[in-house]
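For reference, the structure discussed in these notes is given below.
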Amino acid sequence: MRVSKLFMPTQREIPSDAEIVSHQLMLRAGLMKKIASGIYSFLPMGYRAYRKVENIVREEMDRAGAQELIMPAILPAEVYMASGRWDKFGQEMFRLQDRGGRQFCLGPTHEEPFTEAVRDNIKSYRQLPFTLYQIQHKYRDEKRPRFGVMRAREFVMKDAYSFDADEAGLDISYKAMYEAYCRIFDRCGLDYILVDADSGAMGGSGSQEFMVKSLVGEDAIAYCSSCGYAANEEKAVCIASEPAVPAALQEIEKIHTPHVKTIEELMAFMKASPKEFVKTILYSIDGKIVAVMVRGDREINETKLSNLFDANDLALASFADVERVTGAAVGFAGPVAFKGDVELIADQEVAVMVNFIVGANETDYHLKNVNFIRDFKPARVVDIRTIEAGDPCPVCGLPVETCRGIEVGHIFKLGTKYSDALNCKFLDQAGQEKSMIMGCYGIGVGRTLAAIIEQHYDANGIVWPLATAPYQAIVVPTNTGDETISAVGEDIHSRLEKAGVEVLLDDRPERPGVKFKDADLIGIPLRVTVGRKAVEGIVEYKERATGVVIEMTVEEAVAKIVGQVKALG
RNA sequence: CGAGGUGUAGCGCAGUUGGUAGCGCGCCUGCUUUGGGAGCAGGAUGUCGGGAGUUCGAGUCUCUUCACCUCGACCA
């Protein structure tokens, strides 16, 4: 392919609305163009790289025995009504009507149509198990699209669904997908980590996420380098620590704390550490008021809280509700003496504290020397806080570390959540009707592409791994006005093309510097520079990733590049 | 949804108390140049996001609306 004919609008300047490196580079290198917030076109260079990733995904899905199909992106409301998700998705779902006023949506995820398709066609255990997948556009009206294709409103997802007769079968299907995912992300050249994840709105019994380690990742991860435990911070289990100093319970004491509402203010006022306080935060969960207690320096984990109540709607309680149930201004809530129906939840850590400070449920007062059980009895004592770096690992007890990650893949054991809801049943060997056991498995293709760039760039631009590069090699004649240089460049280009290498020839009448900058920006892994020594049959071979530069003959350069491309398999 | 910010040429931006719309890069023509975003000369390109208002006159002031970005909240 000739660069002179290529639709590749590279830009010298960083687009002003791109925040992270991968987004900036995807725009600068002419990989894509924004149409609206969270909605992008892939241009030829970007689409080639995108298809590389997509094909890796497809090859590994096929190798794992999954069967590809394609569902419509536009789906009738009834499909999602049966599972209750027509309402549950809320505003995140793009909705539309046909001319007859019938309701449709643009599919945000496809558990329902897949389950329906299987329900209507599979009746016997003899036909199980199998796994279906598609690589298709998904639509979610995100409140805040961000970071280019990292969190887009239209994005491509590979979604797979497994159907098994029993749990043991699901384990096998799940493992096959797990292994396929590892191969996919290995082939994409990604440094990733597998973490335990919350099942969230998808439901189900267990799930894991494939996280690409990155400072710009939207998810927080806690991991233990000693035993290998790793979990999304939403999910990471906290274990209760022992009380620091066993102490005798002291008498409760009411302290006048005028205008002292926050933990910071309280610390300064009482000259004490936040570890001596317990904060009580009020939530409104599906219309009910819940008070949650955690140590002063801890954060409440709203995912754990939501799961505890199987909540549809969870938010901090309104100021009015806080004042009503505590009888005090916001900032003085405590566990002793609520007015009205309030469920009290205490973090397990609170249960091992003694003589701590809490709000008095009275404006401008706190209580000192408050103690668990003696002074209040929570309805439940559970793990409700968010893990922090240095906390004990729930498996081995050694301190955990934290980092950030980009979620590129997610695998779930769904169980019978959708097969029950949609009546997807089969007859087993004994003639008994049973719900199919399902799993679902997603990979964000565009997000994976962005994650690859996020892990493979330098000051000059993208540094594509050979497996996902839009073109594998580029031939750069330094002076197209020189007949020898030009001819040698053409020769190398056509030889590589014949050998099956995806190769560009930068035949533009530009100065060498311009061509080098563009080649680096778009990140082509292998480069052959044809310069003055072309008359002697000598060219320069250069690797983008390593910076290795070697002078060699035309034959050697061609052989070296063909060899590397063949080695890809 | 809350707070803040930005919309002027393909991209990045300037535009003073209201008075003929600018700069850099890119683009086109010519000459020169040819190993890391060259030089000279000439040239093209604008609903100043949209609408309404104030004014003799609005990119600039007022109102309104749309779009986009950031932080927060929320979230498969």
Just one of the numbered conditions (1) under 30 Å from A:T131 (Cα atoms); (2) in contact (Cβ under 8 Å) with a residue 40 or more places away in the chain; (3) surrounded by fewer than 19 Cβ atoms within 10 Å (Cβ to Cβ); (4) not hydrophobic (A, V, I, L, M, F, W, C) is not true of A:K413; which one? (3)
Is it the case that segment A:377-394 has a residue that's without any contact (Cβ under 8 Å) to a residue 12 or more places away in the chain and under 26 Å from the mean Cα position of the chain (by Cα)? yes
Taking segment A:280-305, which residues are open to solvent by 10 Å² or more (accessible area, probe 1.4 Å) and closer than 15 Å to A:A240 by Cα? A:R295, A:D297, A:R298, A:E299, A:I300
Exactly one of these conditions fails for A:D347: (1) surrounded by fewer than 16 Cβ atoms within 10 Å (Cβ to Cβ); (2) at pLDDT 85 or above. Give me its number. (1)
Single residue of A:S4, A:S22, A:S37 found to be polar (S, T, N, Q) and more than 20 Å from the chain's Cα centre (by Cα): A:S4
Segment A:342-394, residues that are of a type in the set (A, V, I, L, M, F, W, C) and assigned to a strand (DSSP E or B): A:L344, A:I345, A:A346, A:F356, A:I357, A:V358, A:L367, A:V370, A:F372, A:F376, A:V381, A:V382
Which residue, of A:I239, A:I172, A:I184, is at pLDDT 95 or above, of a type in the set (A, V, I, L, M) and either in contact with a Leu (Cβ under 6 Å, 6 or more places away or on another chain) or open to solvent by 10 Å² or more (accessible area, probe 1.4 Å) (or both)? A:I172
Can you confirm whether segment A:402-419 contains a residue that is within 16 Å of RNA strand B (Cβ to nearest atom) and at positive phi? yes
For residues that are near RNA strand B (Cβ under 9 Å from one of its atoms) and either on the phi < 0 side of the Ramachandran plot or part of a strand (DSSP E or B) (or both), scanning just segment A:143-152, find the one that is most open to solvent (accessible area, probe 1.4 Å). A:K143
Taking the criterion of being under 29 Å from A:G30 (Cβ atoms), within 14 Å of RNA strand B (Cβ to nearest atom) and open to solvent by 50 Å² or more (accessible area, probe 1.4 Å), would at least one residue in segment A:154-163 satisfy it? yes
Quick count over segment A:298-320, residues being modelled with pLDDT under 85 and acidic (D, E), is 2
In segment A:127-136, how many residues are in contact (Cβ under 8 Å) with a residue 60 or more places away in the chain and assigned to a loop (DSSP other than H, G, I, E, B)? 1
Are there strands (runs of 3 or more DSSP E) fully within segment A:242-333 with at least 2 residues that are farther than 24 Å from A:A220 by Cα and touching a residue at least 12 places away in the same chain (Cβ under 8 Å)? List them. A:253-256, A:278-285, A:288-295
Condition set touching a strand residue (DSSP E or B) at 6+ places or on another chain (Cβ under 8 Å) and under 11 Å from A:G461 (Cβ atoms), scope segment A:1-25, selection nearest to RNA strand B (Cβ to nearest atom): answer is A:L25
Segment A:500-538, residues that are closer than 22 Å to A:L568 by Cα and surrounded by fewer than 15 Cβ atoms within 10 Å (Cβ to Cβ): A:G500
Of the conditions (1) within 14 Å of RNA strand B (Cβ to nearest atom); (2) over 24 Å from A:I453 (Cα atoms); (3) at pLDDT 90 or above, A:G203 satisfies every one except a single condition; which number is it? (3)
In this structure, is A:C424 closer than 22 Å to A:D219 by Cα and open to solvent by less than 40 Å² (accessible area, probe 1.4 Å)? no
Selection status of A:A430, without any contact (Cβ under 8 Å) to a residue 12 or more places away in the chain, within 15 Å of RNA strand B (Cβ to nearest atom), of a type in the set (A, V, I, L, M) and surrounded by fewer than 17 Cβ atoms within 10 Å (Cβ to Cβ): no
Suppose we keep only residues that are of a type in the set (K, R) and more than 8 Å from RNA strand B (Cβ to nearest atom) within segment A:539-563. Which one would you say is surrounded by the most Cβ atoms within 10 Å (Cβ to Cβ)? A:R544
Could you tell me whether any residue of segment A:310-322 is more than 16 Å from RNA strand B (Cβ to nearest atom), among the β-branched types (V, I, T) and crowded, with 21+ Cβ neighbours inside 10 Å? no
Pick out the one residue from A:K288, A:K275, A:K279 that is within 30 Å of A:V395 (Cα to Cα), basic (K, R) and within 16 Å of RNA strand B (Cβ to nearest atom). A:K279
Filter segment A:454-489 down to the residues that are open to solvent by 20 Å² or more (accessible area, probe 1.4 Å), touching a Leu at 6+ places or on another chain (Cβ under 7 Å) and within 16 Å of RNA strand B (Cβ to nearest atom) and list them by number. A:Y457, A:N460
Would you check if there is a residue in segment A:493-505 being of a type in the set (D, E, K, R), within 15 Å of RNA strand B (Cβ to nearest atom) and modelled with pLDDT of 95 or more? no
Which members of segment A:26-42 meet the condition of being of a type outside the set (K, R), surrounded by fewer than 19 Cβ atoms within 10 Å (Cβ to Cβ) and either within 10 Å of RNA strand B (Cβ to nearest atom) or within 14 Å of A:G461 (Cβ to Cβ) (or both)? A:I35, A:A36, A:S37, A:I39
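The values are calculated or read from the model by the stated rules, or taken from the named source; none is laboratory data. Since we're looking at a predicted model, the values are computed, not measured. Quick reminder, even Gly has a Cβ in these numbers, built from the backbone with ideal geometry, and neighbours come from all protein chains shown. Areas reflect the complete protein model, heavy atoms only, side chains present, ligands, DNA and RNA absent. Shrake-Rupley method; radii C 1.70, N 1.55, O 1.52, S 1.80 Å.
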